[in-house]
Amino acid sequence: MKEQLQNLLTKCIHDLIDQGLLSEMPSKVRLDHTKDKSHGDYATNIALMLAKQAKTSPLKLAQAIIDQLDGADFIEKTEIAGPGFINFFLSDKSSTAVINEIIESGDGYGTSNIGAGQSILLEYVSANPTGPLHVGHGRGAAYGATVSNLLRSVGYKVDNEYYVNDAGRQMDILSVSIFLRYLALCGETIRFPDNGYQGKYINDIASNIMQTYSDAFHKESALVFEGICKDELEGGNKESHIDELISRSKELLGEGFKSIFKVGIESILSGIKKDLADFGVVFEKWFSEQSLIDNGLSEASIKRLQDSKHVYKKDGALWFKTTDYGDEKDRVVVRDNGNHTYFASDIAYHLEKFERGYDKVINVWGADHHGYIARVKASVAAFNHNPKKLEILLVQFANLYRGGKKVQMSTRSGSFVTLEDLRSEVGNDAARFFYILRKSEQHMDFDLDLAKSKTNENPVFYIQYAYARINSVFKQAQEKGIVFNYQDADLGLLSEESEKSILRELSRYKGVIESAAMQYEPHQLAYYLRELASQFHSYYNACPFILDDQDLTQARLTVIHATKQVLFNGLTILGVSSPESM
């Protein structure tokens, strides 16, 4: 109905242009679903937007638009509200018309071709492979996967990508952490560095290395720590301490250091891939940061920036003039020791992304990377690509609560709740749903107790229960020998207020999908499904579905069958299952 109404409004504006009252079409005809039913089903501010162009008051233009609507049988009445809003009240016939469309379209209902096949590269999660995914990463995974599903549902071609940060200092710290745990298994007494990775998974990887290589990498601890500066808890500097350990380990192990790294990264990355696949999150491509170094793109991208005079030398380092593109200060891309910064890798990666030819590139980042946006967009512009084609979506961290108390977490110390632990405790469905229940840029508190509860306060349970309830109604109908046939249903028999409410709610679904997709806001769909479930539960409690009156029975079964389809379609987009019984 929203689409039909938008088309009608567009035609009205074209008619007014032909009549000379307006001179040009607006870029978009905005039509919003009203929250207050006394204001109708939909409202538009188009008269307010175009009044200046029409050289008349918004009230007069609103009336002129309404005068063009004659003959639209799906509109019961219109009202002009406030300074010039137009409220539309749809007819009962318009609400029932959507039912057959839902049933006939089935799993495809709600899809559209707004994206017209445009290609999007969507990168998300991209957590450092220094340990298992934790609950913070889970939010980015659920959000990115759902945004991808939404964009695909409105006609975009989306490729999901995970950027594997498998190069640089963090990887060296990971390798040293594994090496030192391995030495402990060899019987060496060591003081583990304050800045090392301390999770149990490090011990597990070290054990695997011991089983595969035996004592091939064994070095005496005295040799490893000889001359190494003190650690932080010993009154020294933890950064210098770990860096010296890295250098010493590389010196002692030679190619063995790479072997330890290879076992570590493969173990952690395979765990990450399994975690995400089990969570229903699938990537078309896993892009290695190390590949940028191996194929020379990291070096070549800096050379291109130098050749185009976007890079200058100061204090022995190379600086990228990001201030030319609105950044607050210039950024180092090559340090005075010749090592490339993380930013240099990001420059090369985004150059590679854009040269693949996608119509749009979307990154989902943690909110703590907000200050990084300007410099990355600057690098895109410096290579003569359009920075507007790069969109950055930010996701806030998720706080975990159990028994009303916040669960404390630290990745480096290893005291964190993994995504696997969370899924085991609350289930995939609750995790996927709760993660997207708020706007991505808002902080969220994940209540474990609520997520596990089987009560109406748990939104995912409430929605799934509506779906299961509908199944139980059809099972009862089948047991009574009733043959469901929506094609012969007389929807004009639906006169109860609860029926009209659920019909209006069903007619909103397409608009919700479009809005949620175009604004990258999965929570809109989550809230819609919760409201639809509420409307169904009210309907269930107010009206019997199986009656002596066979015509009314068929009409009501048709409505709840359509409701079931919309619940299924919406939950599928969110990555949540639709249980047949509960």
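Restricting the search to region 82-135, which residues are in a helix (DSSP H, G or I), surrounded by fewer than 22 Cβ atoms within 10 Å (Cβ to Cβ) and under 22 Å from the mean Cα position of the chain (by Cα)? Those that are in a helix (DSSP H, G or I), surrounded by fewer than 22 Cβ atoms within 10 Å (Cβ to Cβ) and under 22 Å from the mean Cα position of the chain (by Cα): Asp107, Gly108.
Select from region 423-460 the residues that are β-branched (Val, Ile, Thr) and open to solvent by less than 40 Å² (accessible area, probe 1.4 Å) and write down the one among them that is farthest from His137 (Cα to Cα).
Of all residues in region 423-460, those β-branched (Val, Ile, Thr) come to 426, 436, 455, 460.
Checking the rest, the ones that are also open to solvent by less than 40 Å² (accessible area, probe 1.4 Å) come to 426, 436, 460.
On the way: Val426: 16, Ile436: 13, Val460: 21 Å.
Looking at residues that are β-branched (Val, Ile, Thr) and open to solvent by less than 40 Å² (accessible area, probe 1.4 Å), I get Val460.
I want to confirm something. Restricting to region 334-368 and keeping residues that are of a type outside the set (Val, Ile, Thr) and part of a strand (DSSP E or B), which single residue is farthest from the chain's Cα centre (by Cα)?
Filtering first and then ranking leaves His340.
Looking across Gln550, Gln524, one residue alone is under 23 Å from the mean Cα position of the chain (by Cα) and of a type outside the set (D, E, K, R). It is Gln524.
Every condition in (1) outside any helix (DSSP H, G or I); (2) surrounded by fewer than 17 Cβ atoms within 10 Å (Cβ to Cβ) holds for Gly371 except the one numbered (1). If you take the residues in region 519-545 that are aromatic (Phe, Trp, Tyr) and open to solvent by less than 20 Å² (accessible area, probe 1.4 Å), which one is nearest to Ala43 (Cα to Cα)? Applying the filter and picking the extreme gives Tyr528. Residues in region 72-81 that are open to solvent by less than 80 Å² (accessible area, probe 1.4 Å) and either β-branched (Val, Ile, Thr) or part of a loop (DSSP other than H, G, I, E, B) (or both): Ala72, Phe74, Ile75, Thr78, Ile80.
Selection over region 382-400 of residues that are within 22 Å of Leu422 (Cβ to Cβ), out of contact with any strand residue (DSSP E or B) (no Cβ under 6 Å at 6 or more places or on another chain) and either among the small types (Gly, Ala, Ser) or open to solvent by 70 Å² or more (accessible area, probe 1.4 Å) (or both) gives a count of 1.
Each row is one residue, and each column tells you yes or no for (1) among the small types (Gly, Ala, Ser); (2) buried (at least 16 other Cβ atoms within 10 Å of the Cβ); (3) under 20 Å from Tyr109 (Cα atoms).
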position	(1), (2), (3)
Tyr462	no, yes, no
Gln476	no, no, no
Gln487	no, no, yes
Ile513	no, yes, yes
Ala517	yes, yes, yes
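Counting only residues that are of a type outside the set (D, E, K, R), part of a helix (DSSP H, G or I) and over 27 Å from Glu505 (Cβ atoms), which one in region 1-23 is most open to solvent (accessible area, probe 1.4 Å)?
Result: His14.
Conditions (1) without any contact (Cβ under 8 Å) to a residue 24 or more places away in the chain; (2) at positive phi, marked per residue:
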site: Phe179; (1), (2): no, no
site: Pro193; (1), (2): no, no
site: Tyr201; (1), (2): no, no
site: Ala206; (1), (2): no, no
site: Ile209; (1), (2): no, no
site: Ser214; (1), (2): yes, yes
site: Glu226; (1), (2): yes, no
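For region 139-175, a tally of residues being modelled with pLDDT under 95 and part of a helix (DSSP H, G or I) returns 2. Inclusion of Asn87 among residues that are more than 28 Å from Phe568 (Cβ to Cβ) and touching a His at 6+ places or on another chain (Cβ under 6 Å) is warranted.
Kindly provide the set of residues from region 225-250 that are aliphatic (A, V, I, L, M) and under 18 Å from Tyr197 (Cα atoms), ordered by number. So that I can check it myself, show each step before the final result.
So the first thing to find is which residues in region 225-250 are aliphatic (A, V, I, L, M), and the list is 228, 233, 242, 245-246.
Passing the criteria: Leu233, Ile242, Leu245, Ile246.
In this structure, Val376 does not qualify as farther than 27 Å from Gly138 by Cα, modelled with pLDDT of 95 or more, in contact with a strand residue (DSSP E or B) (Cβ under 8 Å, 6 or more places away or on another chain) and surrounded by 17 or more Cβ atoms within 10 Å (Cβ to Cβ). Among residues of region 522-550 that are among the aliphatic types (A, V, I, L, M), none has a beta-carbon under 6 Å from a residue that is exposed (fewer than 14 other Cβ atoms within 10 Å of the Cβ) and modelled with pLDDT of 95 or more at least six positions away or on a different chain.
Take Leu557 and decide whether it is in a helix (DSSP H, G or I), touching a residue at least 40 places away in the same chain (Cβ under 8 Å) and open to solvent by 20 Å² or more (accessible area, probe 1.4 Å). Judged against the criteria, Leu557 is not a match. In a residue-by-residue description of region 64-87, the property of being among the hydroxyl-bearing types (Ser, Thr, Tyr) and at pLDDT below 85 applies to no position. Pairs are defined by a Cβ separation below 7 Å, a sequence spacing of at least 6 or placement on different chains, a first member in region 483-497 that is in contact (Cβ under 8 Å) with a residue 12 or more places away in the chain, and a second member that is among the hydrophobic types (A, V, I, L, M, F, W, C) and part of a loop (DSSP other than H, G, I, E, B); the pairs so defined are Glu496/Cys543. Is it the case, given these coordinates, that Glu104 is over 30 Å from Ala62 (Cα atoms) and of a type in the set (Asp, Glu)? Yes. Among the residues of region 560-582, those identified as within 30 Å of Gly144 (Cα to Cα), among the β-branched types (Val, Ile, Thr) and either open to solvent by less than 30 Å² (accessible area, probe 1.4 Å) or touching a Phe, Trp or Tyr at 6+ places or on another chain (Cβ under 6 Å) (or both) are Thr563, Val566, Ile573, Val576. Residues in region 161-194 that are of a type in the set (S, T, N, Q), surrounded by fewer than 21 Cβ atoms within 10 Å (Cβ to Cβ) and out of contact with any Pro (no Cβ under 8 Å at 6 or more places or on another chain): Gln170, Thr189.
The values are calculated or read from the model by the stated rules, or taken from the named source; none is laboratory data. As the structure is a prediction and not an experimental result, all values here were calculated from the model. Ideal geometry is used to build each Cβ from the backbone, glycine not excepted, and the neighbour counts take in all protein chains shown. Protein only, heavy atoms only, side chains kept; ligands, DNA and RNA dropped before computing areas. Shrake-Rupley method; radii C 1.70, N 1.55, O 1.52, S 1.80 Å.
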